[in-house]
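See structure below.
We did not get these values from a lab; they are worked out from the coordinates using the rules stated. Remember, predicted model here, so these are calculated numbers, not experimental data. Counting neighbours? That spans all protein chains shown, and the Cβs are built from the backbone with ideal geometry, glycine included.
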Amino acid sequence: MTLTFAQLNLREELLAALQNQGYSTPTPIQAQAIGPALKGRDILGLAQTGTGKTAAFSLPLLHMLAEGERPGRAPRALVLAPTRELAMQILESLRAYGKKLKLHTVLVVGGTSQERQVNDLKRGVDIVIATPGRLEDLQQQRLIDLRHVKHFVLDEADRMLDIGFHPAIKRIAASLPKERQTLFFSATMPAQVADLAKSLLEHPVRIEVTPESTPVERIAQQVIMVPGGEKRQVLVDLLAQPDFSRTIVFSRTKHGADKIARILTRAGMKVGVMHGRKSQNARQAALGDFERGKLAVLVATDIAARGIDVDDISHVVNFDLPHEPETYVHRIGRTARAGKNGIAISLCDNGEDKKLLQQIEKLTRLKLAVGQRPPACGFVVTSGSAQMDDEPRSEQRPRRSQGQKSSRPQNKNKSKDVPGSDSKPAKRQSWQKRKRIALGKGQPEPR
Ligand code: AMP
């Protein structure tokens with residue numbers, strides 16, 4: 001028999017909020033975590049985004065806080081998240097589920113006014129949702145008092161460690177009361193995360209769930225073998241295909257993501273970029289435009305992509321392979337959400353990527369199908385593009401959009417091999433202007 005939320009003994013206000021959200025039954029992680037959490041047990045939850053893990057810790061947290069006494073103005077619960085985006089999503093969930101409870105939540109994250117956050121804290125708060133950087137800033141300035149924290153939630157612990165928050169988490173945890181409940185969630189459990197869990201949890205209830213159906217089942221995965229220097233061309237050719245309606249391109253580095261976005265923009269595509277060096281507003285705007293379909297492509301690094309829950313992503317393209325094989329599973333899980341199918345394509349060179357591919361295949365126990373290079377779309381990424389930050393180069397528009405000859409083909413021999421390379425840029429830009437763009441100077445961030 002399927003468990004209901006009411007059977008989990010949640011307060012009426014929470015049940016009403018869940019009904020309001022249209023949630024009829026708990027997801028597997030909710031069904032398994034809420035009961036023990038309400039009893040005060042520590043939880044070790046192995047769950048990705050999309051499994052309902054936010055509600056799995058938010059509901060018991062809200063319930064326990066509503067039942068408990070308020071010690072004063074200091075927070076009784078601390079939720080740590082790796083990124084501002086995720087922290088904001090958690091805040092929204094807590095506020096939605098706790099709408100009818102008189103509990104106060106405050107977001108403590110970087111990129112926005114510290115003063116406002118401090119003022120909010122002074123007014124009295126039950127739950128602080130924080131990223132480690134800003135939280136430690138406030139701790140150092142003695143602007144936040146964590147001595148009354150009874151519930152500590154660590155979300156996406158693996159991502160925290162990827163970002164380098166291990167020492168910060170250790171320090172923050174050490175500053176909390178020893179008598180507390182800890183709810184620890186991670187999509188993956190590499191050794192370092194397991195060690196951290198061990199150091200923070202006491203006799204935890206271990207819960208492991210896979211998303212509704214594991215990505216491998218509904219995602220057609222493919223690898224295209226391509227020398228590193230030709231990846232940009234293959235990427236442009238791939239994305240020019242009409243079925244790539246909403247695509248995330250992953251890059252290992254921020255710099256790489258920017259470069260990819262510039263080339264795709266030049267190829268006439270509507271592209272947004274998300275990485276850790278972008279401002280909070282730019283990241284939110286890019287994500288919003290991608291969600292609304294204004295952008296066909298989002299180029300992202302792993303850090304920024306965490307928690308992206310956008311429907312109907314048709315393709316995930318790995319421009320390069322991640323160092324952690326678990327991250328691959330997370331990346332491709334951006335597609336095939338909400339029961340849909342998806343396609344994941346990885347561009348793999350013969351060097352580092354190939355070794356990483358072996359690790360991924362070992363982890364997923366799946367030999368990835370080797371796909372063919374896509375047909376040339378006509379837009380030529382010349383060899384000069386590889387050094388686009390340093391030198392001018394020419395790229396030509398697809399034949400279908402332009403018929404005139406280019407006056408500045410930079411690498412004639414190379415261009416000859418590629419269909420459509422005799423066309424010219426749709427909008428001719430001066431050499432200097434293109435150089436400026438390549439240097440990231442004359443153009444607003446692509447969105
Ligand atoms: P999460 O894994 O917390 O990121 O949640 C993934 C998505 O599932 C979010 O859009 C939630 O709003 C939604 N969700 C969470 N719990 C339930 C539920 N019991 N029934 C239906 N949808 C849910």
**Asked** Plugging the Kirkwood radius over Cα pairs into Stokes-Einstein for region 5-208, at a temperature of 37 °C and a viscosity of 0.692 mPa s, what D comes out in µm²/s?
**Response** 195 µm²/s
**Message:** Taking every DSSP beta bridge with both residues inside region 215-386, roughly what % is antiparallel (nearest 5)?
**Reply:** 0 percent
**Complete:** Most exposed to least, judged by fewest other Cβ atoms within 10 Å, 188, 247 sort to 188, 247
**Prompt:** In nm, to one decimal, how far is the residue 270 label point from the residue 113 one, both placed 7 Å along Cα→Cβ?
**Reply:** 3.4 nm
**Message:** Give me a comma-separated list of calculated 3J(HN,Hα) values for region 49-57, in order, Karplus coefficients 6.51, -1.76, 1.60 applied at θ = phi - 60°, integers in Hz, x for any Gly or Pro.
**Reply:** 5, x, 9, x, 5, 4, 5, 4, 9
